[in-house]
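The values are calculated or read from the model by the stated rules, or taken from the named source; none is laboratory data. Since the model is a prediction, treat every value here as computed from it, not as a measurement. We place every Cβ from the backbone using ideal geometry, glycine too, and count neighbours over all the protein chains shown. For accessibility, only protein heavy atoms count, side chains too; no ligands or nucleic acids. Shrake-Rupley method; radii C 1.70, N 1.55, O 1.52, S 1.80 Å.
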Amino acid sequence: MIKKFKCKSRVFNKEELFDMASAFRVLSADMVQKANSGHPGAPLGQADVLTTLFANHLRFDVDSPKWFARDRFVLSSGHASAGLYSLLCLVGYRDISLSDLKKFRQLGSKTAGHPEVEKLDGVEMTTGPLGEGIASAVGLALAEKIARNKFGADLIGNYTYVMMGDGCLMEGISEEAISFAGHHKLGKLIAFWDDNKITIDGSTDLATSVDMEARFKANGWQVLTIDGHNYSQIDKAILKAKACEDKPTMIVCKTDIGAYSHLVGSEKVHGAPLGDEGCKTLRENLGWASENAFEIPEDVMALWEDVQAKFSCEVAEWNEKFKKSSLDFKRFVNKDEKFAMGKLSYAIYDHKKKVADKSVATRQAFNNVLNEVHSVMHNLVGGSADLSPANKTFAKGMEAVYPKKDCKGSYIHYGIREHFMGACMNGLALYGFKPYGGTFFSFFDFVKPALRLGALMDLGTTYVFTHDSIGVGEDGPTHQPVEHLTALRAIPNVVDLRPCDEVETAECLELAFNNQHRVSAMMLSRQNLPLLRNDRSMVSKSNLCKKGAYRIYGSEDDRPALLLMASGSEVSLCVEVAKAYEEEFKNKKKVWVISVPSYNLFDEQSDAYKSSLLPSGVKKVAVEASRGFEWFKYADEVIGMDSFGKSAPAEDLFKKFGFSVAKIMSKLMN
């Protein structure tokens with residue numbers, strides 16, 4: 001029997017909310033003024049809505065900041081960060097103080113220019129690039145629905161709230177996100193639109209005349225329109241939104257940017273401090289009791305202190321339920337990485353032992369291993385941007401995620417929404433799932449903003465990029481990603497994984513799915529590739545790909561005269577070249593072929609390991625069907641792409657662009 005805890009509950013009236021919102025406004029203005037940098041306009045305009053949300057509705061507990069059943073709040077308009085930091089300080093989160101507010105936007109400060117998820121409790125995701133917040137909030141809401149159907153409504157049922165600005169809704173990703181949310185009937189998603197009709201350039205009339213209410217209604221949302229400075233209307237709208245179970249809700253908040261300041265309603269208050277006189281005028285207009293910066297009257301602080309423990313009873317009751325919950329749920333909430341990693345690694349090893357000695361595209365190899373291992377991962381969620389048959393990302397036994405209420409699926413059909421897929425994966429990962437999503441590598445630029453943000457947040461998302469080179473063939477240069485590998489490898493905290501055969505594909509999948517804090521990107525071939533790791537001695541429990549590179553051809557006992565480095569489909573080509581080279585010199589000159597499934601992982605290894613694979617005094621040639629500028633760090637010569645591809649069968653393209661035994665031998669012999 002679940003224990004009953006006495007709960008301290010309070011709903012604040014409009015006079016109290018005004019005083020609380022005034023503290024929000026004053027602190028936000030003071031932060032920007034002291035830093036001489038920031039965006040005061042949005043916090044001043046959003047203060048009434050967010051004060052009402054945090055004071056009367058948002059479920060959280062400052063003493064249990066990671067309470068799993070908490071509501072999530074995402075500030076999509078991340079430039080309004082001063083307001084979020086003020087709120088977190090006022091409600092009493094233990095890891096933020098007035099001292100931190102005074103260090104706003106300074107080196108090493110928790111209060112960065114835009115919210116960063118790892119710096120403070122209460123910040124649910126890193127925001128700043130407009131549109132990413134609302135799109136990832138849809139991912140958070142979808143994650144809640146999947147988890148609720150999987151583990152039960154008595155354990156999961158939180159709301160996801162998001163504050164958007166005009167910029168969020170102008171960015172194209174917002175359309176991808178809101179249409180997906182409406183289709184999936186995410187009733188626990190509540191979005192506020194800070195409708196102040198001002199952007200940096202001036203009035204929104206300069207750039208848009210979209211009827212946003214009609215737009216959201218057309219996408220299956222409930223739409224409510226309110227005065228964003230009227231506490232009664234704000235309260236009622238949130239209650240009505242929470243009561244709507246089969247539609248997400250957009251609350252249009254008619255607000256004044258820079259409310260109560262001398263620049264109210266002007267674009268001039270968007271991104272510049274109010275100035276000392278402006279801060280003084282703000283205090284006068286609010287009837288604020290103190291003239292000192294960062295000073296909150298005791299009676300106002302007492303109101304905010306009443307918010308702190310409002311849901312502590314729910315935390316205690318939920319913890320009692322959690323103790324009695326299933327082992328799978330406990331592992332999900334506690335992110336039991338060791339358990340998942342152990343199960344996955346054993347399944348990968350078992351698969352490697354059974355790999356058939358035949359040519360297979362690495363996209364198909366990915367599907368082969370996925371079919372066998374997906375069931376051992378309790379938090380895995382897959383998907384594709386309408387390319388499931390081509391990406392091979394749908395595993396046997398998976399069920400698709402559908403709009404119906406009780407769907408227990410784990411595979412998401414994102415539609416033709418690559419950018420949203422990446423942002424949604426970020427939301428899923430923030431909630432606790434291990435997401436992977438597939439598309440063609442030529443569409444890397446579509447997902448790059450979300451992928452980059454996932455890397456910045458240390459999220460373990462996995463991208464499955466198929467059709468990874470000119471090997472795409474007849475689809476032509478629009479679909480042949482010659483420059484993308486170089487661009488992807490340049491992003492910090494990203495692991496590039498381009499396997500050469502089915503055994504390497506299995507090992508790369510293991511690295512990606514076991515990686516909890518780095519974005520992994522698997523680049524997989526459309527064309528069949530031979531099994532190079534067909535020697536049983538090279539199929540062991542150890543993962544040869546984990547250091548990014550290893551010798552796949554050649555004896556350690558032989559000093560090589562030539563060293564070839566490659567990834568993916570070019571590794572087997574290099575093995576053929578090595579054999580031809582050795583035959584040319586009657587086996588008197590030996591060749592090593594170094595398979596480099598992950599350039600970035602190899603780049604991180606010790607100098608000793610690098611030297612063991614790349615001995616000095618040996619000519620080193622890198623071969624890769626991409627631009628390949630990065631290879632010059634290790635290679636004397638790079639055989640790569642210096643142009644876009646063409647439309648033709650893959651075999652013809654590799655020959656035309658110099659990726660054949662004959663043409664590479666010709667270069668090596670000159």
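Cβ-Cβ distance below 6 Å, separation of 6 or more or different chains: which pairs start in the stretch 572-583 with a residue that is buried (at least 22 other Cβ atoms within 10 Å of the Cβ) and end on one that is part of a helix (DSSP H, G or I)?
The qualifying pairs are V577/V661; V577/I664.
Against the conditions (1) part of a helix (DSSP H, G or I); (2) in contact with a Cys (Cβ under 9 Å, 6 or more places away or on another chain); (3) not basic (K, R), where does S520 fall short? Just the number, please.
Just one mismatch for S520, condition (1).
For the list (1) farther than 21 Å from L544 by Cα; (2) open to solvent by 10 Å² or more (accessible area, probe 1.4 Å), I need the number of the one condition that L614 fails.
(1)
So that you can scan it fast, the table gives a plain yes or no per residue for (1) open to solvent by 40 Å² or more (accessible area, probe 1.4 Å); (2) modelled with pLDDT under 95; (3) among the aliphatic types (A, V, I, L, M):
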| position | (1), (2), (3) |
| --- | --- |
| D276 | yes, no, no |
| W288 | no, no, no |
| Q308 | no, yes, no |
| F322 | no, no, no |
| N334 | yes, yes, no |
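Restricting to the stretch 254-302, count the residues that are in a helix (DSSP H, G or I) and more than 27 Å from D211 (Cα to Cα).
Residues meeting the conditions: 16.
Here are the criteria: (1) open to solvent by less than 30 Å² (accessible area, probe 1.4 Å); (2) closer than 27 Å to R452 by Cα; (3) in contact (Cβ under 8 Å) with a residue 60 or more places away in the chain; (4) not hydroxyl-bearing (S, T, Y). Tell me which single one C407 does not satisfy.
Result: C407 passes all but (2).
If you take the residues of the stretch 625-657 that are touching a strand residue (DSSP E or B) at 6+ places or on another chain (Cβ under 6 Å) and in a loop (DSSP other than H, G, I, E, B), which of them is surrounded by the most Cβ atoms within 10 Å (Cβ to Cβ)?
Selected residue: G628.
Which residues, taken from the stretch 545-564, are part of a strand (DSSP E or B) and not β-branched (V, I, T)?
Y550, R551, Y553, L562, L563, L564
Which condition number in (1) in a helix (DSSP H, G or I); (2) open to solvent by 30 Å² or more (accessible area, probe 1.4 Å) is the one that C508 fails?
It fails just one condition, (2).
Would you check which residues across the stretch 523-539 are assigned to a loop (DSSP other than H, G, I, E, B) and over 20 Å from T439 (Cα atoms) and list them?
If the condition is that a residue be assigned to a loop (DSSP other than H, G, I, E, B) and over 20 Å from T439 (Cα atoms), then P530, L531, L532, R533, N534, D535, V539 are the ones that fit.
Any residue that is farther than 27 Å from A356 by Cβ and surrounded by 21 or more Cβ atoms within 10 Å (Cβ to Cβ) - is there at least one of those in the stretch 524-533?
Scanning the stretch 524-533 turns up no residue that is farther than 27 Å from A356 by Cβ and surrounded by 21 or more Cβ atoms within 10 Å (Cβ to Cβ).
Pairs under 9 Å by beta carbon, first residue without any contact (Cβ under 8 Å) to a residue 12 or more places away in the chain and over 17 Å from G152 (Cβ atoms) in the stretch 309-338, partner in a helix (DSSP H, G or I) and of a type outside the set (A, V, I, L, M), six or more apart or different chains?
D336/K330
Going by the structure shown, is A214 closer than 16 Å to P43 by Cβ and out of contact with any Ser or Thr (no Cβ under 8 Å at 6 or more places or on another chain)?
Considered against the rule, which asks whether it is closer than 16 Å to P43 by Cβ and out of contact with any Ser or Thr (no Cβ under 8 Å at 6 or more places or on another chain), A214 comes out as no.
Considering S542, S612, S572, which residue is at pLDDT 95 or above and either within 20 Å of A365 (Cβ to Cβ) or in a loop (DSSP other than H, G, I, E, B) (or both)?
Residue meeting the stated conditions: S572.
Taking the condition surrounded by fewer than 24 Cβ atoms within 10 Å (Cβ to Cβ) and under 26 Å from Y436 (Cβ atoms), does V138 pass?
no
Starting from the stretch 447-464, take each residue that is over 14 Å from V381 (Cβ atoms) and open to solvent by less than 10 Å² (accessible area, probe 1.4 Å) and list its partners that are of a type in the set (K, R) and not in a helix (DSSP H, G or I), counting only C-beta distances under 9 angstrom and pairs at least six apart or across chains.
Short answer, once both residue conditions are applied: A455/R518.
Look through A23, A29, A69 and report the one residue that is more than 27 Å from G167 (Cα to Cα), open to solvent by less than 10 Å² (accessible area, probe 1.4 Å) and either in contact (Cβ under 8 Å) with a residue 12 or more places away in the chain or assigned to a helix (DSSP H, G or I) (or both).
Going through A23, A29, A69 in turn, the sole match is A69.
Residues are listed down the side, and each one gets a yes or a no for (1) of a type in the set (K, R); (2) farther than 20 Å from N426 by Cβ; (3) open to solvent by less than 50 Å² (accessible area, probe 1.4 Å):
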| site | (1), (2), (3) |
| --- | --- |
| I156 | no, no, yes |
| A177 | no, no, yes |
| G187 | no, yes, yes |
| I190 | no, no, yes |
| D205 | no, yes, no |
| F216 | no, yes, yes |
| N219 | no, yes, yes |
| A241 | no, yes, yes |
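I'm trying to understand the selection: among the residues of the stretch 97-121, which are part of a loop (DSSP other than H, G, I, E, B) and either crowded, with 24+ Cβ neighbours inside 10 Å or at pLDDT below 95 (or both)?
If the condition is that a residue be part of a loop (DSSP other than H, G, I, E, B) and either crowded, with 24+ Cβ neighbours inside 10 Å or at pLDDT below 95 (or both), then F104, T111, P115 are the ones that fit.
Taking the condition under 30 Å from S643 (Cβ atoms) and either of a type in the set (F, W, Y) or touching a Cys at 6+ places or on another chain (Cβ under 6 Å) (or both), does L529 pass?
Judged against the criteria, L529 is not a match.
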